[in-house]
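What follows is a single structure, written as structure tokens, with notes after it.
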Amino acid sequence: MAMSSLWARIEPLLARVQKPARYIGCEDGAINPNIAPWQHGDPRVAWLLTYPDTYEIGLPNQGLQILYEILNERDDAVAERSYAPWHDMETLMRQRGVPLFSVDSHQAAGDFDILAFSLAAELVYTNVINMIDLAGVPIHAARRDESHPLVVLGGHCAFNPEPLADFVDLVVLGEGEEVVGKITEVVRDWKASGRTPGSREGLLRELSKVPGVYVPAMYDVEYDGPALRAITPRYADVPA
């Protein structure tokens, strides 16, 4: 999938919002935006590491910064960052049809292979859903196909993923430093196979076998009122 910068559409909005520096990138330590856009057929897995809160709250998050460095040191991956726009910017983006974008090279979020959210608190759950929508990606996982990015949850508040299970494709439970490499390898091989129509379920099935990864679509979940009763794999090769 070809990717191109949205900067020409973003720049005219900056004079109309508070704190425009939230959206321009260019920080010390940011990756070189000359690596983008990624052209059709590029085998690298493109991650958008997304913090579902404003730039100044998300930028100091060490977990996201560590994953950013780990992924950008790999030959088979590239990672950029995105943060929740403030109300004034979001209003203008929706009015002008500008989707959620990365701050590194201002690529559209929907053009990445993986849209990964770092959860720090339950209060940002609604921000996650809003940002998926702002990215132009179907909110419900069941409505996505091979043209859409995988929506991933992680972070120290991802220990109970069921409230967001209908909206995400996979959840990283625990530390992500090693798991992101395993996920990259599975997605890289899927891209190399042609990313053919109908292959998304097979991809999710393979990802469910990665230790520490929970794929809601691969399980049946039973409740006893509000209490969780059982989580049962739908396939014999999917781990309990």
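The values are calculated or read from the model by the stated rules, or taken from the named source; none is laboratory data. Since we're looking at a predicted model, the values are computed, not measured. Cβ atoms come from the backbone with ideal geometry, glycine included; neighbour counts cover every protein chain shown. These accessible areas exclude ligands, DNA and RNA; they are computed on the full protein's heavy atoms, side chains included. Shrake-Rupley method; radii C 1.70, N 1.55, O 1.52, S 1.80 Å.
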*Measuring from label point to label point, each 7 Å out along Cα→Cβ, what is the residue 16 to residue 192 span in nm?*
4.6 nm
*Computed label-point distance, nm, for sites residue 237 and residue 166 using a 7 Å Cα→Cβ extension*: 3.0 nm
_Tell me the accessible surface of residue 7 in square angstrom (1.4 angstrom probe, heavy atoms of protein chains only), to the nearest ten._
80 Å²
*Rounded percent of accessible protein surface that carbon and sulfur make up, the chain, 1.4 Å probe*: 54 percent
*Mind sorting out which of [x] 1.12; [y] 1.06; [z] 0.99 is the real Cα Rg over 2.2 N^0.38 Å computed from the coordinates?*
[z]
_Going by Cα centres, the range 96-136 and the range 159-181 are how many Å apart?_
16 Å
_Pick from 149, 20, 99 the residue whose mean-square fluctuation is largest in a GNM of the chain, springs joining Cα atoms under 10 Å._
20
*Can you list the aspartates and glutamates whose alpha carbon sits under 16 Å from that of residue 19, skipping same-chain ones fewer than 8 residues off?*
11, 27, 53, 56, 88, 90
*Arranged from highest to lowest average of other beta-carbon atoms within 10 Å per residue, in what order do the peptides 230-239, 216-225, 53-62 appear?*
53-62, 216-225, 230-239
_Counting DSSP beta bridges with both ends in the range 111-240, the antiparallel % (nearest 5)_ = 55 percent
*Summed residue charge, Cβ within 15 Å of residue 166's Cβ, Lys/Arg positive, Asp/Glu negative*: -2
_Springs between alpha-carbon pairs under 10 angstrom, Gaussian network model over the chain: which of 227, 108, 77 fluctuates most?_
227
*asked:* Apply the a/c threshold of 1.5 to the C-alpha gyration tensor of the range 143-197 and tell me whether it is rounded, prolate or oblate.
replied: oblate
*If you rank 44, 81 by how much accessible surface each has, with a 1.4 Å probe, what is the order from largest down?*
44, 81
_the chain: antiparallel DSSP beta bridges as a percent of all, rounded to 5_ = 35 percent
*Which residue, chosen from 176, 124, 161, occupies the Cα position most advanced towards the positive end of the dipole of the range 120-230, where the dipole is computed from +1 (Lys, Arg) and -1 (Asp, Glu) charges on Cβ about the Cα centre?*
176
_GNM result for the chain, Cα springs below 10 Å: residue of 143, 229, 96 fluctuating most strongly_ = 229
*Report ³J(HN,Hα) in whole Hz for each residue of the range 140-146, in order, from the Karplus equation J = 6.51 cos²θ - 1.76 cosθ + 1.60 where θ = phi - 60°; Gly and Pro get x.*
8, 4, 5, 9, 8, 10, 5
*Which shape class applies to the range 42-99: rounded if a/c is under 1.5, otherwise prolate when a/b exceeds b/c and oblate if not, where a ≥ b ≥ c are the square roots of the Cα gyration tensor eigenvalues?*
oblate
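Just from its helices, what would the mean residue ellipticity at 222 nm be for the chain, if runs of 4 or more DSSP H residues each count -39500 (n - 2.57) and the sum is divided by every residue, rounded to the nearest 500 deg cm²/dmol?
-7000 deg cm²/dmol
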*Give the cross-link partners of residue 191 among the lysines, using a straight C-alpha distance below 26 Å as the criterion and excluding same-chain residues fewer than 8 apart.*
182, 209
*Kindly report the accessible area of the chain per residue (heavy atoms of protein chains, probe 1.4 Å, no ligands, DNA or RNA), in Å².*
48 Å²
*Show the residues, 5+ positions off or on another chain, whose built amide H is closer than 5 Å to the amide H of residue 153.*
117, 170, 171, 172
